[in-house]
Amino acid sequence: MTEETDQRYQQLAQRLAAVQQRIDQAATAAGREDTPQLIVVTKYFPAADVQHQMDLGVVDIGENKDQEAASKSSAVASQRSQTESPRWHFIGQLQSNKAKSVARYAAAVHSVDRPKLVGMLSRGIAEAKDAGLRSTDLDCLIQVDLRPAAENDGRGGATPDRVFKLAQAISETDHVQLKGLMAVAPLDEPAAEAFARLQALAAQVREEYPEADWLSAGMSQDLEEAVLYGATHLRIGRDVLGERPYAR
Ligand SMILES: *Cc1c(COP(=O)(O)O)cnc(C)c1O
């Protein structure tokens, strides 16, 4: 390692350990016996940082833009063996015409928010399987719009009333597996209130679809609240990697 690389590695090691400690403490405080899964969100950071995460034992990596994720995943794949590759979680808004590309590298898509996308992803996975690029189905989470007066404006997920239709669509479609729900806390209300609604909705969905037992919620600033309200997967960027190079 160059000195610079080593410094970055040490910095990331410390930040990661601090976040893992926060997660453990939050789980204990919530009286949970399980530990929520950390997904490190590497958007805007280089493939070298993904390599560092893997060297530090992180397997789950999150990205929110297809172009960036596609090039990063191939950069990482070219330096690692197949068995060592990360599990890529696609967590951003997804245009239908990108579904085919995402199907080549993603293990999971957290941002399924409309029926059309389910069909496009299914077709993409079928093609990727035929091409020998993957053998597994795609894990799908339904992104829920938690804004109290959310309209279906295409931002930030499906409104709660549409979640069941979408769950049915995923469960009836080949090559995709319904895993659960995902959400981002709205800006204009305390995260805890929004996550409480999400937890209640997730419980309803699980009554009909017991396999949908993932709850992807919680970012750097609200991971404690998410853990308290049952998150099984946390998507953490800044508190592991630092401020993003180009915030948009
Ligand atoms: C960027 C992003 C995250 C991580 O947010 P941080 O504040 O950096 O922890 C989580 N979820 C989604 C959907 C994101 O786009």
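General observations
- Of every Cα-Cα pair in segment 23-175, the percent that sits beyond 29 Å: 23
- Near THR42, the amide H atoms lying under 5 Å from its own belong to GLY62; only residues 5 or more places off or on other chains count, and H is placed 1.01 Å from N.
- Each stretch of four or more DSSP H residues adds -39500 (n - 2.57); spread over every residue of the chain, this sum gives -14000 deg cm²/dmol at 222 nm.
- Sparse-neighbourhood loop sites, chymotrypsin sites (Phe, Trp or Tyr not before Pro) in segment 170-248 - DSSP loop, at most 16 other Cβ within 10 angstrom: TYR246
- Put the Cα centre of segment 151-223 next to the Cα centre of segment 1-70 and the gap is 23 Å.
- Fewest-first ordering of PHE90, PHE45 by other beta carbons within 10 Å of each residue's beta carbon gives PHE45, PHE90.
- Amide hydrogen proximity for ARG134: with H placed 1.01 Å from N in the peptide plane, the residues at 5 or more positions away or on another chain lying under 5 Å are LYS129.
- The alpha carbon radius of gyration of segment 91-173, expressed as a multiple of 2.2 N^0.38 Å, is 1.09.
- Residue-span extension gain [GLN221 to ASN97] - 0.36 nm each, minus C-alpha spacing: 41.5 nm
- Approximate spin-label separation THR5-ALA131, in nm, with each point projected 7 Å along Cα-to-Cβ: 3.0
- The modelled label-to-label distance for the pair ALA77/GLN25, using points 7 Å beyond Cα in the direction of Cβ, is 4.0 nm.
- Under Karplus coefficients 6.51, -1.76 and 1.60, residue-wise ³J(HN,Hα) of segment 214-230 in Hz, glycine/proline x: 9, 10, 9, 7, x, 10, 3, 7, 9, 5, 4, 4, 5, 5, 4, 9, x
We did not get these values from a lab; they are worked out from the coordinates using the rules stated. Since the model is a prediction, treat every value here as computed from it, not as a measurement. Quick reminder, even Gly has a Cβ in these numbers, built from the backbone with ideal geometry, and neighbours come from all protein chains shown.
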